[in-house]
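Laboratory data are not the source of any read-out in this text; all were calculated from the coordinates shown. Here the structure is a predicted model, which means the values were calculated and not measured. Virtual Cβ from ideal backbone geometry, glycine too; neighbours counted across all protein chains shown.
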Amino acid sequence: MTYAPSLRESLQEAAEHRYGRRRRAQRWSAMVLVPAFVAAAAAAVLVAPDPERERTPEPAGNAHTIKVTPLPPRPRAEFLVVNPVPLSRAAGLAAQAKAVNTSASQKRLVRAYAVPGIDGAGVLLTRTKTDVCVSAIHPAAGDFPGEWASACNLSGREHGVGLVVGDTFVGVVGNDGVQPTYKAPNEPAIRLRPNRDGVVVIQGAADGARIRYSHASPETVKIPRYARYQCSDGTSRDMRINNGPITWDPCED
């Protein structure tokens, strides 16, 4: 049995030679794969999005919530065709001085009238080289109560000029052959009788009424209506709501 040790040694040598070479091959393969894995991991880190950046939202800007509350209508006068009272020239000039920095105060005064129900001079008739204007104080139902509004006919004639402020109409009819009338919606027309100066004043005119006082198109009365816009930042705005839809944010400064 002398061949046994030699056989065992041969088998052991063969095994070491075989399996030892596989382990070396595995070690070389691992050495080759490690740099590739590191490079792939680095590329993944560079490409992957930053989780913290994804969780941080972009600024959304200022947004408002708005509560709209319709306001009660402005107080209106009882419907009256008012006879305006002519003022003396001194009283008219004093009234015009109170309308400083408005169109009512920037032209030569022709006549001035007091109108019952409107404080101060109710009507100023003024003239330039090319136009004649009539001015009146806004009543309580006007857009700017107590302030002056004006209209001009651009023809150099006193007749055929008028304006509507709130629920009040003021017109200078003159002698152009037109019979002035007032017609409220769904009601018959009412004939108007101007005073000796050709001035006619209506208080308490209805919304949508049409007033004809010259050959021009009739004046249409539009009573202003308002709503209160209450903003989420604590501010509020009173805005006219019968001028069409609001296309901008009323809460922006």
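Would you mind computing, in nm to one decimal, how far apart the modelled labels at Val68 and Glu252 are, each placed 7 Å from Cα along Cα→Cβ? With each label placed 7 Å out from Cα toward Cβ, I get 1.7 nm.
Each label point was placed 7 Å from the Cα along the Cα-to-Cβ direction; for His215 and Thr128 their separation is 2.4 nm. Could you state, as a whole-number percent, how many of the C-alpha pairs of segment 122-253 are farther apart than 27 Å? Everything past 27 Å amounts to 30 percent. Taken over segment 89-159, the alpha-carbon convex hull comes to 86 cubic angstrom per residue.
Sequence-ordered 3J(HN,Hα) estimates for segment 218-223 from the Karplus curve with 6.51, -1.76 and 1.60 and θ = phi - 60° stand at x, 6, 10, 7, 10, 6 Hz, glycine and proline given as x.
Using a simple spin-label model with pseudo-atoms 7 Å out from Cα toward Cβ, Lys183 and Lys222 lie 2.0 nm apart. Given a Förster distance of 30 angstrom, what is the FRET efficiency for Arg193 paired with Ala91, based on the Cβ-Cβ distance and rounded to 0.05? Given R0 = 30 Å and the Cβ-Cβ separation, E is 0.75.
Taking a Cβ cut-off of under 9 Å around Cys133, the surrounding Lys, Arg, Asp and Glu residues balance to a net charge of +1, with basic ones at +1 and acidic ones at -1.
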